[in-house]
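For reference, the structure is listed below as structure tokens.
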Amino acid sequence: MEFIYTLKELPQIAKQLLFIGKDFSVWAFDAPMGAGKTTLISHVCKELDIEDAISSPTFSIINEYQSADGLSVCHMDWYRIKDEEEALRTGVEDALYDHDKIFVEWPEKAAHLLPENTLFIKIIIVDPETRQIIIKGL
């Protein structure tokens, strides 16, 4: 499944992704630096009724949020992780199974830790305002 969208359409795309990915707890975002992974995740979190400011957990590795109705959300950024061994030491494996929704940036750093039932979302930069999303795992 594929979508092409502009930055102005992010709220609608977030809604569509939540509908498409409703049966997946783990979503893995594959995209180059600056493609808008965190921006897209923040829009999805807003649709989940999370009121906290969403920021990239590049240095903390894991950010946790709670929605107004009690949904637990984990946002992980594996950019600084060197390998699966380091990922295990930082506790990402536990986090993959301990939340209602888990969003992972840079999943390729420890891909073997992702559960089988993971939704893969690839973001491609088309131009400064336009992105393409390719969804796999359905």
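Some observations on this one:
- If the condition is being in contact (Cβ under 8 Å) with a residue 40 or more places away in the chain and more than 19 Å from Ser42 (Cβ to Cβ), then segment 112-123 contributes Leu114, Pro115, Asn117, Thr118, Phe120.
- Counting only helices (runs of 4 or more DSSP H) that sit wholly inside segment 1-107, those with at least 3 residues that are under 11 Å from the mean Cα position of the chain (by Cα) and either touching a residue at least 24 places away in the same chain (Cβ under 8 Å) or surrounded by 15 or more Cβ atoms within 10 Å (Cβ to Cβ) (or both) are 37-47.
- Scanning segment 30-44 for residues that are under 15 Å from Val73 (Cα atoms) and of a type in the set (A, V, I, L, M, F, W, C) yields Leu40, Ile41, Val44.
- Each residue in segment 28-83 was checked for being acidic (Asp, Glu), under 21 Å from Lys109 (Cβ atoms) and modelled with pLDDT under 90, and 1 of them qualify.
The values are calculated or read from the model by the stated rules, or taken from the named source; none is laboratory data. Remember, predicted model here, so these are calculated numbers, not experimental data. Cβ sites come from the backbone with ideal geometry, for glycine too, and all protein chains shown count toward neighbours.
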